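The values are calculated or read from the model by the stated rules, or taken from the named source; none is laboratory data. Since the model is a prediction, treat every value here as computed from it, not as a measurement. For neighbour counting, all protein chains shown are included, and Cβ atoms are generated from backbone atoms with ideal geometry for every residue, glycine included. What goes into the accessible areas is simple: the full protein's heavy atoms, side chains included, and nothing from ligands, DNA or RNA. Shrake-Rupley method; radii C 1.70, N 1.55, O 1.52, S 1.80 Å.
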Amino acid sequence: MGGVTRISVMLVCLLAGVVFPTRAEDPYLYFTWNITYGTLAPAGVPQQVILINGEFPGPNINSTTNNNVVINVFNNLDEPFLFHWAGIQQRKNSWQDGVAGTNCPIQPGANFTYKFQVKDQIGSYFYYPSLGMHRAAGGFGGLRINSRLLIPVPYADPEDDYTVLAGDWYTKSHSTLAKLLDSGRALGRPQALLVNGQNAKGDGTDQPLFTMLPGKTYKYRLCNVGLKNSVNFRFQNHQMKLVEMEGSHTVQNVYDSLDVHLGQCYGVLVTADQEPKDYYIVASSRFTKTILTGKGIIRYVNGKGPAAPEIPEAPVGWAWSLNQFRSFRWNLTASAARPNPQGSYHYGQINITRTLKFVNTVSRDNGKLRYAINGVSHVESETPLKLAEYFGIGDKVFKYDTIPDEPPANLGTAVTLAPNVVKFEYRTFIEIIFENHEKSVQSYNLNGYSFFAVAIEPGTWTPEKRKNYNLLDGVSRHTIQVFPKSWAAIMLTFDNVGMWNLRSEIAENRYLGQQLYISVPTPERSLRDEYNMPDNGLLCGAVAGLPRPPSYV
């Protein structure tokens, strides 16, 4: 099927699901998902996994800019459940973000319908279950947003469009992993690395994940859906041309391999220009003593011959990865979701109104593991923070700005356990520094926004380091890695009203407190700034049974 990113809106919608367009420019995509447990052996050991309509990984959502997505989720598990749509900005609509700080969970045996618009976005994303350690059991899938027909993309139409979801994998159940963390212990090393839920054996019995016609070019969307480790992707005997990263078109450099850190997605073009036979797509863990490797088969149509057993080697060390980050550039001449060029937003010329420096720490006090940011370890509340704020009882659930803008001078391993909420003034331009004093690579994700990744450097940050920022063409994205004993800087405008999660993408760190919520309110309760709470919004905790506040006008 040719030209997936450029075919008509209607055909894209038909491929994604049943279509009920209300306006020609903004079609609706409708899905019904049944969430169940199943028993599979993706790493060779039978274990409990989370299935969506019987699938692992879950189905791809294939949408186009400004589509309205409606997903009716039936929770047939024996515990509460939520979906998060990583990278979808949910403009004025944190009600649909699907994390514990914004949404009440879908109870066992109940259903909830998500309704959101992929407004003014393009690119490669994925969704996953956000509560507890559910992501360790699956329940994730690809979410792509194609460009509208009238908006040109800066490369020729690919022959087809494939999603690759790779990540490390534990053979213990998600509930067992959660109990380990609850007891104060660490998760330890993953047991496998999967590519789209499997790992090719290489004995001639593997079915191909993808097929390619000789001479044709394909788009692959490479996402790291794992829990702990960065992943290096490479295609046996083929090069990759990077064209998109977390919703932004990039300068089109060619790579033999790409490091994709936790929560990140890259879009690459691969041309079938080799001998027609089988080849491996390879994903392996990075910065680990024991290297985990996952493989999948890519088959040339009518090709003959198995994939060669020798797989391409991965790079060594994080300096290589840092240098690769420095090669990533925003494509200033390409249009994004709208016809204006990406580079028309001159972020480097905006005055910074507030600087925050976040340092991640780990505590092992009393034999219990906790992770923190600036000494505060987030604790989930029974009442979602967004609902507490909306119903006017926030002071009964949390305090704003428990976390300081800079780490305390005596920052050690001691932590404060509390719901961690930072308030930002609407439409202010903010600089955030992530400083990592630990020995492992960090990865931070921000909901509701994209930000400009302007620098990653070894050492500690000082204001003088700003002279090294990329203030012209840093890529606009939603996830950034921070290497050991290093720092990273991002810049963004807080122009999306709501309550938004900033978290470590390392599952253990997030679960044990290395996250916070960002509140961006406006004094006016106005539809200009934020949508009303949906009629089907779930209520729980301290807001259960309370009368709803007046609707925005």
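Tabulated results
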read-out	value
Evaluation of ASP203 against (1) of a type outside the set (S, T, N, Q); (2) in contact (Cβ under 8 Å) with a residue 12 or more places away in the chain; (3) closer than 23 Å to HIS238 by Cβ (one fails), failing number	(2)
Matching entry among PHE429, PHE434, PHE391, PHE424 (being farther than 24 Å from GLU246 by Cβ, among the aromatic types (Phe, Trp, Tyr) and out of contact with any Gly (no Cβ under 7 Å at 6 or more places or on another chain))	PHE391
LYS219, sole failed condition from (1) within 18 Å of the chain's Cα centre (by Cα); (2) closer than 29 Å to ASP473 by Cα	(1)
Close pairs (6 angstrom Cβ cut-off, 6 or more residues apart or separate chains): in the same structural domain as PHE424 (by the TED database) in the range 390-402, open to solvent by 20 Å² or more (accessible area, probe 1.4 Å) and hydroxyl-bearing (Ser, Thr, Tyr) anywhere	VAL397/SER381
Pick from the range 148-162, criterion touching a Lys or Arg at 6+ places or on another chain (Cβ under 8 Å) and either surrounded by 24 or more Cβ atoms within 10 Å (Cβ to Cβ) or among the hydrophobic types (A, V, I, L, M, F, W, C) (or both), ranking: nearest to THR211 (Cα to Cα)	VAL153
Some residue of the range 84-103 being over 18 Å from GLN515 (Cβ atoms) and in contact with a helix residue (DSSP H, G or I) (Cβ under 7 Å, 6 or more places away or on another chain)	no
Flag if ILE145 is within 26 Å of LEU446 (Cα to Cα) and either of a type in the set (A, V, I, L, M, F, W, C) or open to solvent by 20 Å² or more (accessible area, probe 1.4 Å) (or both)	yes
Which listed residue is modelled with pLDDT of 95 or more, of a type outside the set (Val, Ile, Thr) and open to solvent by 10 Å² or more (accessible area, probe 1.4 Å), from LEU502, LEU492, LEU516, LEU472	LEU472
Only one of TYR444, TYR449, TYR426 that is hydroxyl-bearing (Ser, Thr, Tyr) and in a strand (DSSP E or B)	TYR444
Some residue of the range 262-273 being over 29 Å from SER173 (Cβ atoms), in contact with a Ser or Thr (Cβ under 6 Å, 6 or more places away or on another chain) and of a type in the set (Asp, Glu)	no
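A quick yes/no check of all residues on (1) within 17 Å of the chain's Cα centre (by Cα); (2) of a type in the set (Phe, Trp, Tyr); (3) more than 14 Å from GLY263 (Cα to Cα); (4) at pLDDT 95 or above:
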site: MET133; (1), (2), (3), (4): yes, no, yes, yes
site: LEU143; (1), (2), (3), (4): yes, no, no, yes
site: PRO154; (1), (2), (3), (4): no, no, yes, yes
site: THR163; (1), (2), (3), (4): yes, no, yes, yes
